[in-house]
Amino acid sequence: MTTLNRPRPKVMTLTDAAAKRVAEIMANRTGAVALKLGVTKGGCAGMEYTMDWAEEIGKFDEVVEEKGIKILIDPMAIMYLLGTEMDYHVDTLSSGFVFNNPNQESACGCGESVNLVPAAPERLAEVKG
């Protein structure tokens, strides 16, 4: 049986606006090799997205490189972030990163926390490839 060597789908994608904003912020960060994303329990909806600067790539981090930006995904967050698009919005009174996540079932009224479910098994199999 021949195994096809096909590219794995990305856990996360970035819009042009998100990539531009991350690049702007990283230009002022010394020692950071990438932006690291994850999820943690918290907030009234159950989970919160986390963002931090990484000075090194962890052994089990998922590396997403897109539009000249390197994003690290915490290994415990992969099943919650699979298929997510990271965007950056600027409105009249606020600006910030927005996650368009197909695994999100709901969010709290203030937008600080979300209810996430693990990705369906067939989507996880695509990533593990």
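For the range 12-128, what ratio Rg/Rh do Cα atoms give with a Kirkwood hydrodynamic radius? If you can, show how the numbers build up before the last one.
On the way: Rg = 14.2 Å, Rh = 14.8 Å.
Rg/Rh for the range 12-128 comes to 0.95.
Which value, in debye to the nearest 20, gives the size of the charge dipole of the range 12-128 about its Cα centre, when Lys and Arg are +1 and Asp and Glu are -1 at the Cβ?
120 debye
Summing Lys, Arg as +1 and Asp, Glu as -1, what charge do residues with Cβ under 11 Å from the Cβ of A54 carry, A54 excluded? Please report the intermediate quantities before stating the final value.
Details: positive: R29, K36, K70; negative: D52, E55, E56, D61, D74.
For residues surrounding A54, the net value is -2.
Throughout, read-outs are computed from the coordinates displayed, never taken from laboratory work. Worth saying up front: this structure is predicted, and the values here are computed from it rather than measured. When we count neighbours, we look across all protein chains shown, and the Cβ atoms used for this are built from the backbone with ideal geometry, even at glycine.
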